[in-house]
Each structure stands twice: as C-alpha cells, then as structure tokens.
Amino acid sequence: MWYFRQFRGGKVRDPLTEDFFDDDELLTDASSLVREAIQNSLDARVNDDQPVRVRFKMGVMADSSQIARYFDALGGHLEVVVGNRYSTLGDKCKYLVIEDFNTEGLRGDTNVTEPDPTADKSDFNYSYFIHHEGAGNKGDGKRGRWGVGKVVFTMISAINAFFAYSVRKSDFSPCGKDPIFIGQCTLKHHHVGEAFFEPDGWFAGSRDSLETALPFHGDQALAMAKEWNISRDSEPGLSIVVPFIKDEVGIDQIRDAVIRQYFLPIMADELVCEIVDESGNEVVMNSDNLVAIIDQISELTAGSSRDLTSVQVKSAIKAFRAAQAEAVEAIEWKISDGDTPVTKLSVPANVLEPLRDSLSAHGVGLVIADIVVPKVGSLEKVSDTFEILFSVDEDETNPVIFSREGILVPGKTSNIRDYASVVLMDGGPLANLLSLAEGPAHESWEKGTRKFREAFSSSAKVKTLAERCILLVRNLPQRLAAALSAKDAEADDLTYFSDWFSGANKDPDPDPDPDPDPDPDPDPNPEPSEKGRFTQSLRKGTYQITQGTLQVLAGDHVTLTMAYKVRKGNPFKRWQPLDFNFDESKSLTVVAKGIKVSSKTKNEVSFIVKKPGDWQLSISGFSNYRDLEVRDTLARTKGKA
C-alpha cells in the first residue's frame, strides 16, 4: 500500500535535492548513483579485514499482476506530477538491484522518526535514511555528510521511487522487526481529486497514530525481496531496488562508473564489485582482474567531460601497483603554516632529489606532505598528512587524481605532463576538513560551503589556515611536477644563447638592401633563420629575443614557434593550450620595440622588423620552472637576396 500524507498547512516547499547532482560536466546519472551507493556501503563496513562487496544487478519484472500490486495505487499521484509517464512505461518493469555485504544494514528502531539529538546518530540510520533529508547520521571519518545522497535512487527512476530491504542483527533492531522492506516515492505537492498531498509517499505495511509509515517485516518482507530477485538471505546489509530505471542508466554505464570512481578502493582490496546484466552474465571486479577487465572493454563508455579515460585509469593503477610492488621509500615534505603563498612554495632539495632518484630507479615516487590542520570548531591545530604518488608517464598529459577516503573528487581540471599522479588521504583531521568543503555530490573542494564556513569560523586565523589546507592539497602536485621539469642550470647564468634553443643553419643574407620597403609582402616560402645569430634568453618566466649578430632588414618577417621542453619526443608536437596560449590575451604579455607584431596565435608569434639593429621582443608569463624550446624562421623581404 502507498501512503501519502495530506497537506496540513504551512509553506508549500517542493524537494530540490536532485539539483545537487544535476551537473552534466561533472557527473552522469550513472556516476552519481555509483558514487553515492558505494560511498554509503564503504561507510557501513563491519569487518575491516574483508572488503565490502557491492552488487549491481539489472532485472525485469514481467508479471503484470505483480507490477499492478506494487504500482497501481501510485498511479493517481504519478499522473498528476509526471503526466502520462507512468501510463507509457509499458507492461514490463526494468529495475536495478544494488546490494552491499560486509555491512550492518539499516540499524535502528523503525518506530522512531525523530531521534534524540543527544544520542549516537549511528544507532538511528534507519530513521535518517527513510525519514530525513538534508540531515545525515555520519560524523568524522565518514565519506558522506549531507544526508541527501539517497536522492540518486529516485533520480534514476522514471517514477521517482525506490524500495529498501534490510537485514539487521538483533542488536541493531530494537523494534524486533527483521528483515524489513519499505518503499519511497518523492514527487511534489499535488492534488488527486479534491485532496492536496505532500511530496513524499511510502510503500509500507502500516501507519502509526501520527501517520508515520512503518515497514513490512518478517516473512512478508522476505517474500517481497524474492519477487525483486534480491539475493540477500540472512547476511546483514542493505538492498535497494530502483524500479522503472531510466534508459540512460545501463549496466555498461554502471560498470564503467565503478571503474572510474572506485578503482583505488578496488586495488586496495577494500572493495569488490559485481555487475550482473539482465541475462545473468556476471562480471566480478577485484584487485586481481581489474586491469584485465579494462583491457577487455577497450574504451569506457562516455561519461562526463571530467571523467577519466581508460588510459588515465590504467596509468593511475600502474602508479599504484608500482608503489606497492617496489615498496618505495616515502619522502616526507614538512610544510609549516607560515605566510608563504602556496603558489610560491619552493620544493626543498631534501624532497626533490630523493623524488628524482626514486623516479629514476623505480619509475615511481611517493611524497608524504605533512601540513598543519585546524580542528573543527576550535582554535587547536594538529599535524596531518596526505600522500602524493608520482609515476613516469611520458606519453600522456594526465589529470591529477584526488581521492579522499576512496572517493574521487574531480574539482577543476589540473593536469601534469610526463607524470601520472594520485593524491591520497585517509581518515583524519585533513580528510574531515575536506569533506566539509565538498558539496553534496563530492564534486570539488570549496571554501564557501555552509558546512566549511560553520566549522572554521572561530577566528580569522583558523579560517585562513583551513583555506590554506585546500590550496596545499590542490597545488602541491603541480609544484612538484614543475620542480621535476625544471632545467638544471646555474643560478647566475642569466642568458641562454640561441644554440640552447632549436634552429636550423642558413647562410646570412650577403647583400642587404639599404633602403627596403617599410612594410613589404613577406616571402611566401620562409626559411629557417641562421642558428646562433639571434640572441635569445629566458629568465624568471620571461623570454627575450634581439637581433644579435644576424643581419636583419627592415621588413623581414620572423616567426617564433614555442613549446615547453619535454623529457622525450618532439616538444612542438606535444604543445597544448594548457601549457600557454597566445589566443588567450591574459596568459602571456608581449612587449615589442622596433618591430610590428603581425600575429599571435596558439604557440606562435610573428613580427615584422621596423628598425634593424635596434629591436627587441619580450614575452612574459611562461612557467618559472620549465625550459622553453623556440624554433625561429626568417622570411626575407620580397625581392631581396
């Protein structure tokens, strides 16, 4: 039976929690589902010596009498809210079952809707899961905090509904009801005939005197579980059934979302995932076979614009495996809570040199950053660490992968060339701080979230230190990569002449014209400039070129093609806009003297010489930590020999 409570007055407020997960750039429906479902399961882990097992199984209910028994009473409400969606769903119900094992189930008294605020919240996770929205039962050391993650189950259902079936130990079910089965449908305020109803409906066995829905239990709950092909027998845990699952959430999308979002817990033997399609074909993903499964898939199904590719996932797994196999020695980088801006932090030699050596010897390096973290709600500061794992990967420009307690936090894209990098943090003060800086979908770390502001508002110093922690986690991988890529050069060598840059040999013009046309047409077939005759330098991110000893005429055209030096391969072929880009006016500053800049695009700048012997071009804004390769070509004034 479905129960909707009639509206009793007050403000009409419709649910908005689906909006928290409505960002196609960050999350697809499948990845939102997988992130939240597995996160909740990992948080409910019972035996730390065994992995959590999560099972995703697609099924079809074809018995029309069963479908009618579960949904006909809901039809009147659905017709008003979702139009003819229910009536056009057909005579079959495609559904998804999500089950977890080595977990505790929905513990707590099913008769309680409002737990005592002074009691241990973990004793009431049934009440919080079924009856609360925007209020969770999780504290420190847990991956989710907002209490809205369960909305993903209704979000992927064409009728905004799900069923929950749970087996609990007797200690965790003080009401004596076990197992339990209850359904929920989240709509909007709506009329059915003359009656006006609240948004939430429950598929329940009964209601108490306050009209609170109470679950089916015992044999009745067990019979319903069997009808939905739930595999759980007597083992504690939670099973979720999502009926009339949307077409865009297929078994392949779920499988690939598991790979992208949770490959690190799988590789760490904290998680095993089972994927079962409608025909009963099963794939079990664990640390032993995950890479082979990715190879068989060849290319993961399309995800969001920030989702990892197959190559990037395998690159991160390679780094993780190498660190395990090589047993590399961790390198500690202790960072004070001083005033040095994060973007100005230099990598000390006792960190950089061992990291270089480890990468050279093992192909992988591990840095443990030790930082100062404020404690939530106090003026106290503590020390905590996070790990930065590097491995050599010269074929890709890789995103930095951030993982908080097994959850990937995509945030704004940060890329590093030549290295695969994974930032890892386990439970502790830093992980708690970052969890408060995440939105409900765990999509990024932002200092403006309500929970973060509330937790670190005791003083301006605490707030500044908390914000600095976010910057350190986000920026230290790039600082390390930049230091690794920097050229080993003497600090006093202020000028690097053009034999350090790339160029080609060409005889100088033997007979320059003393009176050239001031703005002639360039030669359509430019030739490389003579090597070693332009004077070029790079210092503190500013590149400079002057005439040097090469005879250059008024009206000659010079084109500079630029790219950062790479460890292997052609730097010009590996240039990308993330390095630098003349098309973006704010990225580089060009100052010209005695020349006319004719074009700036991508990684090229061209200019016409106006004052031979007295010209100069300066470009600032390059990385202070990377070498620059420059290919210069000279196009002589038309008609000049």
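The values are calculated or read from the model by the stated rules, or taken from the named source; none is laboratory data. This is a predicted model, so every value here is computed, not measured. Positions of Cβ are generated from backbone atoms using ideal geometry, with glycine treated the same way; all protein chains shown enter the neighbour counts. Side chains are part of the model used for accessible areas, which takes the heavy atoms of the whole protein and leaves out ligands, DNA and RNA. Shrake-Rupley method; radii C 1.70, N 1.55, O 1.52, S 1.80 Å.
Below, the figures for the structure above:
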quantity	calculated
Candidates Ser304, Ser234, Ser239, filtered to the one that is polar (S, T, N, Q) and either at pLDDT 95 or above or on the phi > 0 side of the Ramachandran plot (or both)	Ser239
Residue tally, condition open to solvent by 50 Å² or more (accessible area, probe 1.4 Å) and under 20 Å from the mean Cα position of the chain (by Cα), over the range 287-311	6
Of all residues in the range 366-384 being under 30 Å from Lys318 (Cβ atoms) and free of Cβ contacts under 8 Å to residues at least 40 places away in the same chain, the one that is surrounded by the fewest Cβ atoms within 10 Å (Cβ to Cβ)	Asp370
Qualifying residue in the range 19-27 (condition: closer than 28 Å to Asp123 by Cα, modelled with pLDDT under 85 and open to solvent by less than 60 Å² (accessible area, probe 1.4 Å))	yes
Of all residues making up the range 151-189, the number that are surrounded by fewer than 22 Cβ atoms within 10 Å (Cβ to Cβ), in contact with an Asp or Glu (Cβ under 8 Å, 6 or more places away or on another chain) and of a type in the set (Lys, Arg)	2
Residues of the range 318-349 classified as part of a helix (DSSP H, G or I) and at pLDDT 85 or above, total	2
Complete set of residues in the range 460-479 that are in contact (Cβ under 8 Å) with a residue 60 or more places away in the chain and open to solvent by less than 40 Å² (accessible area, probe 1.4 Å)	Val462, Leu465, Ala466, Arg468, Cys469, Leu472, Val473, Arg474, Leu476, Pro477, Arg479
Residue within the range 196-207 that is surrounded by fewer than 19 Cβ atoms within 10 Å (Cβ to Cβ), acidic (Asp, Glu), more than 21 Å from Ala44 (Cβ to Cβ) and touching a His at 6+ places or on another chain (Cβ under 7 Å) present	yes
Sole exception among (1) at pLDDT 90 or above; (2) open to solvent by 10 Å² or more (accessible area, probe 1.4 Å) for Ala221, by number	(2)
Of all residues in the range 145-168 being assigned to a loop (DSSP other than H, G, I, E, B) and closer than 17 Å to Arg107 by Cα, the one that is modelled with the lowest pLDDT	Gly147
Residues of the range 262-286 satisfying the condition of being open to solvent by 20 Å² or more (accessible area, probe 1.4 Å) and closer than 23 Å to Met425 by Cβ	Ala268, Asp269, Glu270, Val272
Residue in the range 48-66 that is within 26 Å of Arg5 (Cβ to Cβ), surrounded by fewer than 20 Cβ atoms within 10 Å (Cβ to Cβ) and modelled with pLDDT under 90 present	no
